[in-house]
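Q: Here you go, one structure.
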Amino acid sequence: MKKRIASIELLRILAMMMVVMLHYLSKGELLTSLTEEFDASSYIAWLLEAFSIVAVNVYMLISGYFLVDSGFKLKRLVQLVCQVLFYSLLIPPVLLAAGILRPEQVTVYRLLQYALPGQMAHYWFITAYLIMYLLSPVLAAGARALSQKQLRNTIVLLLLFFSVSKSVLPVQLEVDNLGYDGLWFICVFLTAAYMRLYGIPFLQKGRRAALYYLGSCALIYGLTLGVRLFYLKTGRLGHFIHAPYDYNHILNLFAAISLFYTFSQWKLSGEKFIGKVILRVAPYTLGVYLLHEHVELRTLWPRWLGAGTQSSPWALAPRAICSVLAVFAVGILVDMARGALFSLIEKIGRSTK
């Protein structure tokens with residue numbers, strides 16, 4: 001097993017916190033439609049969104065960066081599926097017993113979502129990730145077999161098709177799934193593979209990567225507000241306003257790559273206390289996603305935490321950050337318990353052979 005890098009595992013933790021932030025803002029209905037009038041809270045909410053929107057690409061970059069060397073493992077796939085089913089199947093009975101979920105809400109379609117979370121896109125990220133993971137042996141072998149120039153040209157052409165075109169053309173492209181699919185994850189995987197094999201020199205010097213991340217997120221925010229202003233004055237480009245916030249927008253990907261390099265250059269020891277805590281917590285971050293984004297919980301927990309009830313716009317950010325930390329802490333504890341249960345079951349299984 002390859003030794004985990006504390007700074008990258010810290011980035012994994014941060015990325016999952018960003019995911020929770022994105023869901024707090026969207027499911028908590030704090031993101032005013034970009035075609036409507038804004039108040040102060042709206043500007044703050046969309047600013048938080050801009051600096052968190054890299055989360056999914058960052059998470060995938062981390063996966064691709066290590067998968068290109070570690071390769072496909074059937075055991076890991078089985079563990080992942082079991083972990084997803086643990087949450088997908090067990091949360092509904094718990095909610096039914098607590099009276100939060102009513103029996104009449106459990107339709108046949110819902111049952112299919114519980115039982116087949118991957119095929120029914122219960123968790124869209126897991127569906128896309130599974131497609132990428134199943135193809136990862138082919139992708140990794142291809143990345144290693146190609147020359148640096150061939151791999152670079154392949155990635156450039158893929159990004160031109162899936163990212164750059166939608167980033168600059170103010171039209172609705174029929175093939176654009178906004179980055180919510182396995183095809184985009186493949187693009188990110190190959191990008192991460194290139195980073196692992198050859199690096200991106202201009203991002204590996206000094207602290208410029210952090211500045212590129214901050215600048216890219218600021219551009220995402222500024223471009224969006226600029227197109228929004230144009231729309232409010234002319235009534236045109238309404239469909240193009242949200243484009244910078246899409247996962248497959250080139251600014252989003254560049255910001256994610258820059259943030260990855262920011263953390264990869266941080267010499268954080270895994271032997272010290274903080275490093276040990278990070279390495280202990282990081283493996284359970286996916287459980288945070290599977291818990292709070294369950295189909296029966298995703299719109300409830302922001303209301304439980306009072307999203308949208310703050311009286312002052314300046315209370316929005318502190319409240320959002322505290323809510324994210326609370327959800328993250330609960331999710332980590334629950335998944336630690338799940339991990340302990342799975343380890344016990346595995347140990348019992350081995351002892352009975």
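Q: Read through the list (1) more than 23 Å from the chain's Cα centre (by Cα); (2) open to solvent by less than 60 Å² (accessible area, probe 1.4 Å); (3) hydrophobic (A, V, I, L, M, F, W, C); (4) at pLDDT 95 or above, then give the number of the only condition that Phe260 fails.
A: Single failed check for Phe260: (1).
Q: Condition check: in contact (Cβ under 8 Å) with a residue 40 or more places away in the chain, under 17 Å from Phe189 (Cβ atoms), open to solvent by 50 Å² or more (accessible area, probe 1.4 Å) and assigned to a helix (DSSP H, G or I). Does Ile131 satisfy that?
A: So Ile131 fits the description; yes.
Q: What's the number of the condition Leu89 fails, among (1) part of a helix (DSSP H, G or I); (2) out of contact with any helix residue (DSSP H, G or I) (no Cβ under 8 Å at 6 or more places or on another chain); (3) open to solvent by 30 Å² or more (accessible area, probe 1.4 Å)?
A: (2)
Q: Right, Gly206: without any contact (Cβ under 8 Å) to a residue 40 or more places away in the chain, part of a helix (DSSP H, G or I), out of contact with any Phe, Trp or Tyr (no Cβ under 9 Å at 6 or more places or on another chain) and surrounded by fewer than 17 Cβ atoms within 10 Å (Cβ to Cβ) or not? Give the derivation first.
A: On the way: without any contact (Cβ under 8 Å) to a residue 40 or more places away in the chain: yes; part of a helix (DSSP H, G or I): no; out of contact with any Phe, Trp or Tyr (no Cβ under 9 Å at 6 or more places or on another chain): yes; surrounded by fewer than 17 Cβ atoms within 10 Å (Cβ to Cβ): yes.
For Gly206, the condition - without any contact (Cβ under 8 Å) to a residue 40 or more places away in the chain, part of a helix (DSSP H, G or I), out of contact with any Phe, Trp or Tyr (no Cβ under 9 Å at 6 or more places or on another chain) and surrounded by fewer than 17 Cβ atoms within 10 Å (Cβ to Cβ) - is not met.
Q: Filtering the stretch 185-217 down to residues that are more than 22 Å from the chain's Cα centre (by Cα) and of a type in the set (Gly, Ala, Ser), which residue is nearest to Met60 (Cα to Cα)?
A: Taking the candidates together, the pick is Gly199.
Q: So which of Ala315, Ala329 ends up being more than 24 Å from Gly270 (Cβ to Cβ), assigned to a helix (DSSP H, G or I) and among the aliphatic types (A, V, I, L, M)? Quick ask: steps written out before the conclusion?
A: Working: Ala329 fails: more than 24 Å from Gly270 (Cβ to Cβ).
Of the residues listed, the single one that is more than 24 Å from Gly270 (Cβ to Cβ), assigned to a helix (DSSP H, G or I) and among the aliphatic types (A, V, I, L, M) is Ala315.
Q: Here's a follow-up. Going through the stretch 263-288 one residue at a time, which ones are open to solvent by 10 Å² or more (accessible area, probe 1.4 Å) and within 26 Å of Ile44 (Cβ to Cβ)?
A: Phe263
Q: Given the criteria exposed (fewer than 15 other Cβ atoms within 10 Å of the Cβ), touching a helix residue (DSSP H, G or I) at 6+ places or on another chain (Cβ under 6 Å) and not basic (Lys, Arg), does Ser216 qualify?
A: Values: exposed (fewer than 15 other Cβ atoms within 10 Å of the Cβ): no; touching a helix residue (DSSP H, G or I) at 6+ places or on another chain (Cβ under 6 Å): yes; not basic (Lys, Arg): yes.
Against the criterion (exposed (fewer than 15 other Cβ atoms within 10 Å of the Cβ), touching a helix residue (DSSP H, G or I) at 6+ places or on another chain (Cβ under 6 Å) and not basic (Lys, Arg)), Ser216 does not qualify.
Q: Kindly provide the set of residues from the stretch 182-199 that are part of a loop (DSSP other than H, G, I, E, B) and open to solvent by 30 Å² or more (accessible area, probe 1.4 Å), ordered by number.
A: Tyr198 - this is the single residue of the stretch 182-199 that is part of a loop (DSSP other than H, G, I, E, B) and open to solvent by 30 Å² or more (accessible area, probe 1.4 Å).
Q: Related question: Specify the residue that is surrounded by the fewest Cβ atoms within 10 Å (Cβ to Cβ); the eligible residues are those in the stretch 233-257 that are of a type in the set (Ser, Thr, Tyr) and assigned to a helix (DSSP H, G or I). Let's see the steps before the verdict.
A: Taking the stretch 233-257 first, the residues of a type in the set (Ser, Thr, Tyr) are 234, 245, 247.
Pick out the ones that are also assigned to a helix (DSSP H, G or I) and you get 234, 245.
Working: Thr234: 9, Tyr245: 21.
Among them, the one singled out is Thr234.
Q: While we're on this one: Working only within the stretch 134-147, note down all residues that are without any contact (Cβ under 8 Å) to a residue 24 or more places away in the chain and either outside any helix (DSSP H, G or I) or buried (at least 18 other Cβ atoms within 10 Å of the Cβ) (or both).
A: Listed by number, the residues that qualify are Leu146, Ser147.
Q: Identify all residues within the stretch 263-296 that are more than 18 Å from the chain's Cα centre (by Cα) and outside any helix (DSSP H, G or I); write none if there are none.
A: Hits for the stretch 263-296 are Gln265, Trp266, Lys267, Leu268, Ser269, Gly270, Glu271, Lys272, Glu296.
Q: Tell me, which residue of the stretch 148-167 that is in contact (Cβ under 8 Å) with a residue 12 or more places away in the chain and more than 23 Å from the chain's Cα centre (by Cα) is least open to solvent (accessible area, probe 1.4 Å)?
A: Leu151
Q: Then there is this: For the stretch 32-78, which positions are open to solvent by 20 Å² or more (accessible area, probe 1.4 Å), more than 24 Å from Leu151 (Cα to Cα), part of a helix (DSSP H, G or I) and of a type in the set (Ser, Thr, Tyr)?
A: Ser41, Tyr43
Q: It is to be established whether one or more residues within the stretch 13-30 are of a type in the set (Phe, Trp, Tyr) and open to solvent by less than 10 Å² (accessible area, probe 1.4 Å).
A: Going residue by residue through the stretch 13-30, those that are of a type in the set (Phe, Trp, Tyr) are 24.
From what's left, open to solvent by less than 10 Å² (accessible area, probe 1.4 Å): 24.
The answer is yes, given that some residue of the stretch 13-30 is of a type in the set (Phe, Trp, Tyr) and open to solvent by less than 10 Å² (accessible area, probe 1.4 Å).
Q: Restricting attention to the stretch 97-107, report how many residues are over 14 Å from Val295 (Cα atoms) and assigned to a helix (DSSP H, G or I).
A: Residues meeting the conditions: 3.
Q: Another question, if that's okay. Do we have Gln83 as out of contact with any Cys (no Cβ under 9 Å at 6 or more places or on another chain), open to solvent by less than 40 Å² (accessible area, probe 1.4 Å) and either farther than 27 Å from Ile274 by Cβ or outside any loop (DSSP other than H, G, I, E, B) (or both) here? Lay out the reasoning, then the answer.
A: Numbers: out of contact with any Cys (no Cβ under 9 Å at 6 or more places or on another chain): yes; open to solvent by less than 40 Å² (accessible area, probe 1.4 Å): yes; either farther than 27 Å from Ile274 by Cβ or outside any loop (DSSP other than H, G, I, E, B) (or both): yes.
Taking the combined requirement at face value, the residue satisfies it.
The values are calculated or read from the model by the stated rules, or taken from the named source; none is laboratory data. Predicted, not measured: the structure shown is a model, and the values here were computed from it. Neighbour counts are summed over all protein chains in view; Cβ atoms, including those assigned to glycine, are modelled from backbone coordinates with ideal geometry. All accessible areas refer to the heavy atoms of the entire protein, side chains included, with ligands and DNA or RNA removed. Shrake-Rupley method; radii C 1.70, N 1.55, O 1.52, S 1.80 Å.
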